[in-house]
Each structure stands twice: as structure tokens, then as C-alpha cells.
Amino acid sequence: MELRQLRYFVAVAEELNFGRAAARLHIAGPSLSQQIKSLERDLGVRLFERDRRTVRLTAFGETLLPQTRALLEQADTLRRTARGFAASEPVRLGYVSWRPADLAERVSGVAQLLVDAWVMPSHTQAGRVADGSIDLAICWVRATDLAEQELTGSLLGADRLFAFSIGDDSPVRARDTVVLVDADTEAWASWNIYAVEFARATGASVVRIDDHGITGPAFYEHVRRLGRPVVSSPKRDATPLPRDFARRTVVDPIPLWTWALVSRQDEMRSAVLATVEALTRDVKVEFDPRACWLPADDPFHAELGA
């Protein structure tokens with residue numbers, strides 16, 4: 001016997017019509033009927049008398065209905081109390097360079113969100129979740145990373161990556177672009193993995209650097225030196241775009257970078273679980289999956305259809 005079945009019983013008892021009750025519960029009519037039959041078997045009594053035209057409560061159903069309503073109200077009270085505890089419990093979140101603009105608004109009343117001020121690379125933030133230093137992280141991860149560190153990743157967003165060049169702002173094919181790979185694998189491990197796989201998959205060129213020029217003024221210097229469109233990483237950067245530069249859409253295919261909300265697989269704290277649910281509920285990424293590219297080990301292939 002489950003609370004869900006008891007809610008179904010109350011809905012049918014109030015509607016005295018399986019069709020209306022199913023519509024109210026947002027489930028299929030046959031499924032509702034099966035659940036009521038299952039509940040009757042568990043209780044050992046018939047709750048309803050029904051024929052093709054009418055549904056009415058049996059004497060047992062009449063007796064059990066007020067008790068069931070009271071039980072469901074107790075369950076709702078318990079849930080509200082638990083949510084109240086969760087809302088005052090701190091949840092520590094780390095991120096790399098991006099976070100939703102309405103982050104605080106989404107978790108208001110759910111948990112006390114503490115955003116870690118240390119902006120660190122994706123692999124570092126994922127590792128901090130795994131070792132318990134923080135509870136959640138917004139970062140880029142592979143399915144392999146999640147499995148090896150016993151983490152769970154929920155899709156939070158995705159960035160379309162662009163290329164930059166001097167003057168020309170027309171679309172550029174992926175195979176005609178350049179990706180930069182930095183020698184500092186501690187700082188740029190995730191980007192390097194992404195960039196190398198993108199180049200192998202599309203025919204883009206790899207240029208190796210050792211000056212952290214993946215972002216900032218050094219990035220634009222590399223673009224100027226190479227004289228070719230260079231794909232920019234998703235890392236946010238306040239450096240203004242030089243006047244003679246243009247941002248170019250990359251096509252055939254469009255490179256996507258996904259952002260995951262990472263938590264521990266064995267996470268049991270209600271505040272953390274509620275925060276994950278609040279932040280990832282109704283996330284929509286609107287790209288044409290037929291035109292996009294993701295790394296082979298990206299954990300969100302199925303969700304994005306890319």
C-alpha cells in the first residue's frame with residue numbers, strides 16, 4: 001500500500017467517476033483502475049461498487065475515506081515540516097565561470113545556498129564534490145568522470161561556442177577553425193579534452209600554447225597571430241572585444257558545451273536533493289540536435305538528442 005494509491009482512492013471517491021478522477025490525477029484511466037484494484041487486494045476489501053454507468057463507495061470505502069484523508073494530511077504535514085528544516089540548512093555550491101542568473105530565486109525557500117567564491121576548473125570542482133568539500137558544483141563533466149567519482153550529473157544548461165577572427169563575421173565551418181590547447185593541464189584539463197576531441201571529429205586544427213591564452217587579451221593576440229577563426233572556450237571573460245574583431249557562428253556542426261549540476265550518488269540530505277530538483281526542474285536547451293556536436297562521452301547526449 002502506497003500513499004500514491006491512497007490519493008487515487010480519495011480522488012475516485014470524490015469524483016465517483018474514473019474518467020474524471022484520472023484526468024484530475026493526470027494519469028491514464030486503465031492505470032488508475034489497476035491501482036485501485038491493487039489497493040483493494042492489499043486491504044482485503046472492496047472500496048467501490050462499479051458498473052458501466054455508475055461508481056459508488058462500498059460500506060468499507062465509506063468507513064475508510066475519512067481515515068485516509070487524515071493519513072494523507074499527516075503525510076503532507078510531515079513533508080512541509082521536512083521542507084522547512086531543509087530551507088534553513090546550508091548547501092555549498094561551487095562553479096567554474098557560469099551560473100544561472102536566477103540561482104538564488106530558484107532555491108528560495110528550499111535551502112540556504114552558499115555559493116563558494118573560489119572559481120575553479122571543472123575537474124577540480126567535480127573532485128571537491130566527490131571528497132565532500134562542497135555539496136554541488138556547476139561544471140563540465142564526462143560520463144566517465146561521473147562513474148569513476150561516484151557522482152550524479154543533471155543538465156543545467158548548454159553554451160553554443162563561437163569563433164573569433166579579424167573583420168569577417170560570416171558563419172565558419174568547424175573544419176576551418178582553430179582550437180587552442182594549453183600546456184597547463186591543471187588549469188585547462190577539461191577544455192583541452194573537449195578541444196582535442198572536437199578537432200578530431202570535425203577536422204579543425206589544434207594549436208598548442210603555453211601562456212594561458214585560452215581567454216583574455218592573450219586569446220585575441222593568438223587570433224591576430226594565426227589569422228584564422230579561433231573557437232573560444234565557454235569561460236566567461238570581461239576582456240572587451242577588439243574593435244577590428246568579429247564573433248562568428250560555427251556550423252557543420254555547431255559545438256555545444258554542457259553545464260552539469262554535479263552531486264554525490266549517495267547524497268541523502270534533503271536540502272541538497274531539493275536544491276538539485278529546484279535548479280534542474282524545467283531546464284530547456286533549445287538547439288537543433290541534428291546540427292550540433294557533443295563529445296562522445298558527454299552524459300547528456302540522450303537529453304539533447306545531439
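The values are calculated or read from the model by the stated rules, or taken from the named source; none is laboratory data. What you see is a predicted model; the values in this text were computed from it and never measured. For neighbour counting, all protein chains shown are included, and Cβ atoms are generated from backbone atoms with ideal geometry for every residue, glycine included.
Can you name the residue in region 211-244 that is among the hydrophobic types (A, V, I, L, M, F, W, C) and either in a loop (DSSP other than H, G, I, E, B) or at pLDDT below 95 (or both) and is also farthest from the chain's Cα centre (by Cα) among such residues?
L241
Filter region 91-111 for residues that are outside any helix (DSSP H, G or I), over 29 Å from D184 (Cβ atoms) and without any contact (Cβ under 8 Å) to a residue 40 or more places away in the chain and give the result.
Residues satisfying the conditions are A101, D102, S108, G109.
Inspect region 55-72 for any residue being hydroxyl-bearing (S, T, Y) and in contact (Cβ under 8 Å) with a residue 40 or more places away in the chain and give the result as yes or no.
yes
Is it the case, given these coordinates, that D266 is over 20 Å from V115 (Cβ atoms), buried (at least 16 other Cβ atoms within 10 Å of the Cβ) and not assigned by TED's automatic domain parsing to the domain that holds G216?
No, not satisfied.
What about T81, is it β-branched (V, I, T), at pLDDT below 90 and either in a helix (DSSP H, G or I) or assigned by TED's automatic domain parsing to the domain that holds S270 (or both)?
yes
Within region 233-250, take every residue that is of a type in the set (S, T, Y) and in contact with a helix residue (DSSP H, G or I) (Cβ under 7 Å, 6 or more places away or on another chain) and give me the one that is farthest from T202 (Cα to Cα).
Here the residue is T239.
Examine region 39-53 for a residue that is part of a helix (DSSP H, G or I) and within 30 Å of V262 (Cβ to Cβ), and state whether such a residue exists.
No.
Within region 1-38, which residues are in contact with a helix residue (DSSP H, G or I) (Cβ under 9 Å, 6 or more places away or on another chain), more than 17 Å from L64 (Cβ to Cβ) and either assigned to a helix (DSSP H, G or I) or touching a residue at least 60 places away in the same chain (Cβ under 8 Å) (or both)?
Result: F18, G19, R20, A22, A23, R24, L25, G29, P30, S31, L32, S33.
Specify which of the listed residues (R160, R200, R173) is among the basic types (K, R) and touching a Phe, Trp or Tyr at 6+ places or on another chain (Cβ under 9 Å).
Result of the check over R160, R200, R173: R160.
So in region 159-210, with the set limited to residues that are of a type in the set (V, I, T), more than 19 Å from R225 (Cβ to Cβ) and at pLDDT 95 or above, which one is surrounded by the fewest Cβ atoms within 10 Å (Cβ to Cβ)?
V196
Looking at A163, A158, A195, which one is assigned to a helix (DSSP H, G or I) and among the hydrophobic types (A, V, I, L, M, F, W, C)?
Criteria check complete, one pass: A195.
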